[in-house]
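Student: My questions will all concern the structure given below.
The values are calculated or read from the model by the stated rules, or taken from the named source; none is laboratory data. The model shown is predicted, which means the values in this text are computed figures rather than measured ones. Backbone-built Cβ (ideal geometry, glycine too); neighbour counts: all protein chains shown. All accessible areas refer to the heavy atoms of the entire protein, side chains included, with ligands and DNA or RNA removed. Shrake-Rupley method; radii C 1.70, N 1.55, O 1.52, S 1.80 Å.
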Amino acid sequence: YPDDWVLAEGHPDSKAAFDDQYDWRTNFQVFLIEDDSLNNRSDSKVLRALERSQWELCDEYTFAGVGDRKCSDFKAVGSDVFYTNDNRKVYFVKSTYTMEFSDYLRGQEHSFVRTVGLIYDGDHSWEMAVESYEQVFDNHSDKTIHMIKSFSLPSTASAAEQTQQSKGGGCLIATAAF
């Protein structure tokens, strides 16, 4: 992650989280999604499913639902496929929405840009989710794209060896190298 960013506490399910500052304006989180394989889906089907999942996430954010935030005005504004530095395919979706927080300037709406990069790895995938206040998105987008492109995983043989050697010892097989 960039030198001037901070290691952060993210969602309880995230494997890593980074913020542009302690009172973040851009938040970058990495998630492992178990039992999520590509299954011979086309790029366009993967991208549409990723857009739909982002819309569903926004739709779930209500004060009555999730509780601490309310999301509205969701728009998928772009999607693409590119490759990491070690040639893994990244499915990339960019969206915008409006967020209201229960514990931060309640009653005021804040414009956000969210980008998500998804990399399949066998029977699971890695999601890199980035949420930025709209006014800082352009300043941070190069850094977040660089983090996505530099995401790397060990080779399959290496991962199998690590799994065998750990024998349940809690070895983290995949690592994010930023």
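Student: Before we move on, is W5 hydrophobic (A, V, I, L, M, F, W, C) and open to solvent by 30 Å² or more (accessible area, probe 1.4 Å)?
Tutor: Answer is no for this residue.
Student: I'm trying to understand the selection: among the residues of segment 76-87, which are in a strand (DSSP E or B) and either in contact with a helix residue (DSSP H, G or I) (Cβ under 6 Å, 6 or more places away or on another chain) or of a type in the set (F, W, Y) (or both)?
Tutor: Listed by number, the residues that qualify are A76, S79, V81, F82, Y83.
Student: Consider R52 against the criteria (1) modelled with pLDDT of 95 or more; (2) under 29 Å from P2 (Cα atoms): it satisfies all of them except one. Which criterion is unmet?
Tutor: Tallying (1) modelled with pLDDT of 95 or more; (2) under 29 Å from P2 (Cα atoms), R52 fails exactly one: (2).
Student: Hey, another quick one. Of all residues in segment 28-49, count the ones that are of a type in the set (S, T, N, Q) and either in a helix (DSSP H, G or I) or in contact (Cβ under 8 Å) with a residue 12 or more places away in the chain (or both).
Tutor: 3
Student: I'd like to verify a number: residues in segment 50-75 that are open to solvent by 50 Å² or more (accessible area, probe 1.4 Å), in a strand (DSSP E or B) and touching an Asp or Glu at 6+ places or on another chain (Cβ under 8 Å), how many?
Tutor: 1
Student: Please go through segment 12-41 and give me each residue that is open to solvent by 30 Å² or more (accessible area, probe 1.4 Å) and farther than 16 Å from S125 by Cβ, ordered by number.
Tutor: Result: P12, Q21, Y22, D23, W24, R25.
Student: Being open to solvent by less than 40 Å² (accessible area, probe 1.4 Å) and more than 14 Å from the chain's Cα centre (by Cα) is the filter here; which residues of segment 125-147 pass it?
Tutor: The answer is Y133, V136, F137, H140.
Student: If the Cβ limit is 6 Å and pairs must be 6+ apart or interchain, which residue in segment 66-86 that is in contact (Cβ under 8 Å) with a residue 40 or more places away in the chain and under 17 Å from E51 (Cβ atoms) pairs with which residue that is β-branched (V, I, T) and in a strand (DSSP E or B)?
Tutor: F82/V90
For every residue, the table says whether it meets (1) at pLDDT 95 or above; (2) of a type in the set (K, R).
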position: D59; (1), (2): no, no
position: K70; (1), (2): no, yes
position: Y83; (1), (2): yes, no
position: V116; (1), (2): yes, no
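Student: Could you say whether any residue in segment 88-100 is part of a strand (DSSP E or B), open to solvent by less than 50 Å² (accessible area, probe 1.4 Å), aliphatic (A, V, I, L, M) and modelled with pLDDT of 95 or more?
Tutor: yes
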